[in-house]
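Computed from the coordinates by the stated procedures, all read-outs in this text should not be read as laboratory data. Being a predicted model, the structure only gives us computed values, none of them experimental. Counting neighbours? That spans all protein chains shown, and the Cβs are built from the backbone with ideal geometry, glycine included.
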Amino acid sequence: MMGASFVSTVPSLLPLQAQVAPPSSSTSSSAAPVRPPAARPVAVRCKTENGFADGGEELSRRDVLKLVGASVGIELMASSGSFVESARAADLIQRRQRSEFLSNVRGTLFTAIKGNPDLIPSLLMLALNDAMTYDKASKSGGPNGSIRFSSEISRPENKGLSAAMNLLEEAKKEIDSYSKGGPMSYADLIQYAAQSALKATFLASAIRKCGGNEEKGGLLYTAYGSSGQWGLFDKQFGRSDTTEPDPEGRVPQWEKASVKEMKDKFSAIGFGPRQTATETLLAADPDVSPWVQKYQRSRETVSETDYEVDLITTLTKLSSLGQQINYEAYTYPVPRVDFSKLKL
């Protein structure tokens, strides 16, 4: 109860003789009711050099402190329920804000990619190379948006990716214009563009299986696609941008790299043959070949489940290498509480 007062806590903590005794029960119906003796006044007195002032019950300093502590405790317990509920409500509001913002981001990226389908491979490579700068030993690099810097995107391994980056720059202007929780980080933008690009390839495959009919292909992808596997990826929303390019030499030139170089690079960041098996170049490698064959068979099925799920899982892991996710990113500013004005 929010209105619990200091006075209401006093009786239970007073010395026994200061409490009102309950009336005695009587077996005689004609007996006069027994009235309890009037309670004597209770005064809280401070001890002086000459002792205590006259009148009332004596309460020591310890008794007073107990009363004060009990009063504060009751007030806190009474208010804790509403405080917890308010905290839960605030958390739900923030989740909804992030969810709504992410939904709008997806819409913007979907439109941008739909108008430039030829850039889908570059968008995927942009996300891969931004993440591949991760160094496991030093815990540095990774999907931190460093590839946006001209000195990094102009490196040989990033040749041809500028057009994809320019597309995202334009999309970011629109995204930031309707964001109420601050601008979107390039680190998030690049990885979520890769997600949109992958979804576009999955949808295009479903449309092809339906003879080019977009409506039927959309229904097929909705019914048999792997959209439900994106849950963990969607939670990793709140990456921070680095302020400088990542070191050179961490990302190989994929078109020139040998099978061993590819495997070694993926192995260095914690991936195995299963995550490199989407490249047909690796089909002859004994470690990777079984996975390549498995994915080729999967892509011939209606659902492509094995291929899609593993690809989603790989992107999810790549997109969070070395990142500390800020789960309060893109939420509206929370009013600060001035604790100096709180009264207990």
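Here are the numbers:
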item: Separation in nanometres of the label points that stand 7 Å from Cα toward Cβ, at Lys294 and Arg208; result: 2.2
item: For segment 148-156, 3J(HN,Hα) per residue [Karplus equation, 6.51 cos²θ - 1.76 cosθ + 1.60, θ = phi - 60°, Hz, x = Gly/Pro]; result: 6, 5, 4, 5, 8, 6, 8, 5, x
item: Rounded if a/c under 1.5, otherwise prolate or oblate - segment 128-287, Cα gyration tensor axes; result: oblate
item: Within segment 174-199, backbone nitrogen closer than 20 Å to the virtual label 7 Å beyond the Cα of Ser227 toward Cβ; result: 192-199
item: Residue-count net charge about Tyr192 - beta-carbon cut-off 13 Å; Lys, Arg +1, Asp, Glu -1; result: +3
item: Karplus-derived 3J(HN,Hα), 6.51/-1.76/1.60, for each residue of segment 245-250, Hz, glycine and proline x; result: x, 7, x, 6, x, 8
item: Peptides ranked, highest mean first, by Cβ atoms within 10 Å: ranges 104-114, 170-180; result: 104-114, 170-180
item: Karplus (6.51, -1.76, 1.60) ³J(HN,Hα), θ = phi - 60°, over segment 286-294, in Hz, Gly and Pro reported as x; result: x, 6, 9, 3, x, 6, 4, 5, 4
item: Under 5 Å, built H, 5+ apart or other chain: amide partners of Glu328; result: none
item: Nonlocal amide H pairs with Ser140, under 5 Å, H built at 1.01 Å; result: Asp135
